[in-house]
1. Across peptide A:125-133, what mean number of C-beta atoms from other chains lies inside 10 Å of a residue's C-beta?
2. Counting partner chain Cβ atoms within 10 Å of every residue's Cβ in B:151-161, what's the average?
3. For a protection proxy built on the mean count of beta-carbon atoms within 10 angstrom, sort B:161-167, A:124-130, A:84-90 highest first, please.
4. Is the stretch B:89-128 rounded, prolate or oblate when judged by the Cα gyration tensor, a ≥ b ≥ c being the square roots of its eigenvalues, rounded requiring a/c under 1.5 and prolate requiring a/b larger than b/c?
5. Counting only C-alpha contacts under 8 Å and six or more residues apart, can you give the relative contact order of chain A as a whole percent?
6. Could you work out the helix-only [θ] at 222 nm for chain A, with each DSSP H run of four or more residues adding -39,500 (n - 2.57) and the total divided by the number of residues, to the nearest 500 deg cm²/dmol?
7. On each of the three principal axes of the Cα atoms of chain B, give max minus min coordinate, whole Å, ordered largest first.
8. How do A:141, B:63 rank when sorted from fewest to most other Cβ atoms within 10 Å of their own Cβ?
DNA sequence: ATAAAATTTTACCAGTTGGTCAAACTTTAC
DNA sequence: GTAAAGTTTGACCAACTGGTAAAATTTTAT
């Protein structure tokens, strides 16, 4: 009893119009989880649908029943990611204490790198390839950065922190915090077995607190 | 007139035993240049021999006459890269002025990111995938970092710079400087058309000079 | 000029990959 | 219980990919 047209099209538009079944919800979650694992380790082109399917414990056609193409899976992961990724930045509060605000922004970004390294690597992969799928979202980021940069400029004008270019301040924070997730393979080797656990995130937090507030001058 | 065995094997062992012909030198250089372009944009698995061949203006079998496999090309690029990449770190001099040494290390790394962004992305791609091809070299790096960390610990003990974990200091410098090459696509959008030229590297250098010496405290 | 060596091309192959299709099976709503 | 809807499977395919073989062509040394 074939149900091709309706069966095939229902899940693909499920998120938009139809209400999703229990199985749909479970399997889609399962697939996205597996896909995050695979994409974050091998990049988009380096990942195969088969790999993702195996990791999810499904057959390839079964997986493709829930997501019509590899691109659609990737897109969904990226969309989810960006939401969480920008939250700490949104949280910067112009009425808070400037140095504390910056410190807690750094800490929150560092926690994201520690708790969601796969997401960080997914993002890094996307940007490395020239950000082909997220030009639009990057422009939203630009607006957000401009807005938050103005807060920092306000702090500078008020003489509350040292003069600097806020955009490069953000770049440096992104770079360092994400580095601990993205360059994990390098860091593990350099720190050796001793720095294997989450201890290095605490060491990093300590180092960055000091760097951003007082620098290295004695 | 077939010359299969000898013709096919000569170039493959050329670097080891035989002296290389003019054409060999030219074409190998051409291929490596093209491969750097392709690999740095798409990663190892995302790049095809055909892409590289087209970029180099050669046919695929012709390219494979000079490099027997895709891996061999990649390997050669990585080897070249690591040499230059570690040079600034080697240059840190224990007898120099501590803050100046660190500042000029940052500047040299920033110049590498500006002048060799493709190499930086090639490296980033490799580490992101878990550094499968360069475990050995990473251990050399580890030794070098330990050695240079001792220099910095010496400066700290002598009261010449603030107390900090030297390894995290290096991580932060690598992260930020390479970020300008690796996350170029993001930075371009955030800075907008104004920050398109090399001006952003000067802005970055200024920002980092200040950050690492005095931090943000007023 | 010519023969040997080096280079390039054409034709090809086997394995992988993203994706389709229709039939078989399971779950859900009544 | 049963019929409709939803899910899973196995067989399949066309395009792509890394790589090979041998013939054809060009370069080099004499």
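Throughout, read-outs are computed from the coordinates displayed, never taken from laboratory work. In this text, all values refer to a predicted model and were calculated from it rather than measured experimentally. As a convention, Cβ positions derive from the backbone with ideal geometry for all residues, glycine included, and neighbour counts pool all protein chains shown.
1. 6
2. 1
3. Highest-to-lowest ranking by the protection proxy: A:124-130, B:161-167, A:84-90.
4. Taking the square roots of the gyration eigenvalues as a ≥ b ≥ c, the stretch B:89-128 is prolate.
5. 21
6. -24500 deg cm²/dmol
7. 77, 42, 30
8. A:141, B:63
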